[in-house]
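The values are calculated or read from the model by the stated rules, or taken from the named source; none is laboratory data. These figures come from a predicted structure and were not determined experimentally. Virtual Cβ from ideal backbone geometry, glycine too; neighbours counted across all protein chains shown.
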Amino acid sequence: MARQQYRIGMDIGGTFTDFILWHQPGGKVFLHKRLTTPHDPAEGALAGLHELLSQRDLGLDQVDEIVHGTTLVTNAILERRGARTALLTTRGFRDILEMGYEQRYDIYDLFLQYPEPLVPRRWRIEIDERMTRDGEVLQPLDLEQVRAAVAALIDQGVEALAICFLHAYRNPSHERAAASFIRREFPGLAVSVSSEVVPEIREYERTATTVANAYVQPLMDHYIGRLEADLKAAGFRGHFFLMQSSGGSASATTSRSFPIRLLESGPAAGALVASFIGRTVELPNVLSFDMGGTTAKACLVQDGQPNVAPMMEAGRVHRFKRGSGIPIKAPVVDMIEIGAGGGSIAFKNTLGLLKVGPASAGADPGPACYGQGGREPTVTDACLVLGYFDPDFFLGGEMRLDLDAAREVITQLGRELGLTEAETAWGIYQIVCENMAGAARVHIIEKGHDPRRYPIVAFGGAGPAHAVRVAYRLGAPEVIVPAFSGVASAIGLLLAPVRFDFARSYPGELSKLDWPVVDQLYREMETQARQVLQHAGVDAEAIKLERRADMRLSGQFHEITVPVPGGALARVAAEDLSAAFDKEYERLYHSVLPSYEPMVLNWWLRASGAEPAFTMDGAGNRQSAADTADQARKGERVAYFPELGGFVNIPVYSRYRLAPGMQIAGPAIIEERESTTVFGPNDLALMDSQGHLRIKIGGKA
């Protein structure tokens, strides 16, 4: 008899931790959701795992794989809770973290601020060594100077060290020698080396990324180590993976060495599930819309896949101003984060206007209606006052919401603004929908696309309650609320293949490149890639390698990515790369400049394992389907719809009793354990054959 397989996705968010148990054969899916424990995220995660398994009379010894998404790295940088970190750098480059790009990200802001460096200046130590840009030793490394510097730093309480020497991407011998020496002489110190973390050209990004990796490494090493130990003690003997920002998963060992790759761990999983849903309904181009308790994320999915960008920013001084954060050179699913979640706090600003977010009540104390001491009005409180949420059915009734507390904080804010309770709650709801739609519109248009052509895949605990209003503002034709929408990001974790991206910098114009050097770079990356993936349990035959290059015209600043042929590269590769570059350049900019020669900056290799098998069957959570939509109706609830004059009786349906093919005309509310879908009088919802709600906006076909 074939062994039954159990896989678990575990996504720790700012407010809730989501779990999904997937069972093969059959594709049964079982869900669980609990409040995050901010003081110790592992505590809530482990408790939730045991709760989920106990509901099915299972033990961790029966689980084959756990994939984990976490916001711990992001929070550590935002809240400055990382290790005391120092930097060893080439003499003369001590202040590169503050010099940055030497340009203003907002030329009109007279009070412009930049994030404080993760390493204070007193712990940025200059070392006498020097490489040329071609990788030749100009000044040898003095290891005794390194010893004295590190010993002094440890005496001052430094816990982590970043090493970033000039041009180490071209010749890493000095960095490797220093790191080997330090690890031998000072074994308790966490060491991150730029030629291992991000061996790419551009000193500021390389230094900032290596420093960030060092800053969070002790925290993540302890966290992952504890999780592994506790899981093992509880009987878990399967594979433990962590979700990376790029949309691939990595082993615990790799994640402990490169924790900065986990910066956008959870949101990346959401983009994967939106891609998966889009493909299953034969809509390869969709907008992923993930709204949870703390933030909302939007991601454009093209041809069935989310775009992966080569870098991101962390810890922005101004959340929505590009350039105001710390540049992190690591692959990341390209998305926009919006300070709008269920816990986003509403307030009266200095101009007397109603504003919402980006500050959030989080999980502790949470919205006022959670009854945990929260005293500020939030989006969730507003939705409760508007009648969109049932206070007795939040998380399926496991967590009762306090309607009186929500009304009290909303009413108090209304008094400050001179508005009624209903006007205040509706104002909060409208503002948060407009904020999300505005950010998503910019995200789509900046990429040269029309938001009116993109159906929205809406998920997260708060996403389905807001997506239809967002769709109206974007002009989107349809909203798709997938099965298990409230924990969809956890499903995305189970869709992620084991993957890691490698890069090397060897810049030059195509006509002047030494192609044997490029071949050698790819041989080194491929050897390393196979080692990393096979260590994670991927069969050698299942490893897929994809090459690409960052290219630009000589004299330009921004690069575009083009595919690189496999096998040994020669002069013919220059012709292929040039043609591929011209094609992509023309697609993006609608013209080519033949008088300028293309050049390559970075060479990339993506190594992936096989795509995980995954099918969804809602039988694990579904009640017996009703014969008609009327029989799936739970009752009515007074809810606010301005198109109908205010508060009116609205039919409420159980999603678990809707059968494929059923249609529901709006206005209506459809409830499930982890989320609630709200749509208006001009909309029509259809339950499709796969259990997804397809909502046609304003009757659009």
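Annotations for the structure displayed:
- Within the range 347-364, the set of residues being at pLDDT 85 or above and either basic (K, R) or closer than 18 Å to G292 by Cβ (or both) comprises K348, K355, V356.
- Scanning the range 49-72 for residues that are of a type in the set (S, T, Y) and either surrounded by 15 or more Cβ atoms within 10 Å (Cβ to Cβ) or at positive phi (or both) turns up T70, T71.
- Among the candidates R130, R147, residue that is free of Cβ contacts under 8 Å to residues at least 60 places away in the same chain, surrounded by 14 or more Cβ atoms within 10 Å (Cβ to Cβ) and in contact with a strand residue (DSSP E or B) (Cβ under 8 Å, 6 or more places away or on another chain): R130
- The single condition among (1) at pLDDT below 95; (2) in contact with a Phe, Trp or Tyr (Cβ under 9 Å, 6 or more places away or on another chain) that S192 does not satisfy is (1).
- Residue satisfying all of: in the range 66-116; in a helix (DSSP H, G or I) and β-branched (V, I, T); modelled with the lowest pLDDT among these: T74
- For the range 298-319, the set of residues classified as closer than 25 Å to Q113 by Cβ and within 16 Å of the chain's Cα centre (by Cα) consists of A309, M311, M312, E313, A314, G315, R316, R319, listed by residue number.
- Failed item, numbered, when E541 is tested on (1) loosely packed, with under 15 Cβ neighbours inside 10 Å; (2) among the charged types (D, E, K, R); (3) over 30 Å from S251 (Cα atoms): (3)
- Where helices (runs of 4 or more DSSP H) sit wholly within the range 361-478, those with at least 2 residues that are polar (S, T, N, Q) and in the same structural domain as Q302 (by TED's automatic domain parsing) occupy 403-417, 421-446.
- Exclusive hit being in a helix (DSSP H, G or I) and aliphatic (A, V, I, L, M), set A274, A250: A274
- Restricted to strands (runs of 3 or more DSSP E) entirely inside the range 637-701, those with at least 1 residues that are without any contact (Cβ under 8 Å) to a residue 40 or more places away in the chain, among the β-branched types (V, I, T) and over 23 Å from A274 (Cα atoms) are 646-654, 663-665.
- Just one of the listed residues (V652, V648, V678) is modelled with pLDDT of 90 or more, in contact with a His (Cβ under 9 Å, 6 or more places away or on another chain) and either in the same structural domain as A465 (by TED's automatic domain parsing) or closer than 24 Å to L401 by Cα (or both), and it is V678.
This table checks each residue for (1) crowded, with 23+ Cβ neighbours inside 10 Å; (2) of a type in the set (A, V, I, L, M).
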residue	(1), (2)
A177	no, yes
P187	no, no
S192	yes, no
E196	no, no
N213	yes, no
V216	yes, yes
M220	yes, yes
R226	no, no
G247	yes, no
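- The requirement of being surrounded by 14 or more Cβ atoms within 10 Å (Cβ to Cβ) and under 30 Å from the mean Cα position of the chain (by Cα) is fulfilled nowhere in the range 568-576; no residue meets it.
- Subset of the range 539-564 that is of a type outside the set (S, T, Y) and more than 30 Å from the chain's Cα centre (by Cα) - its residue that is farthest from W604 (Cα to Cα): G555
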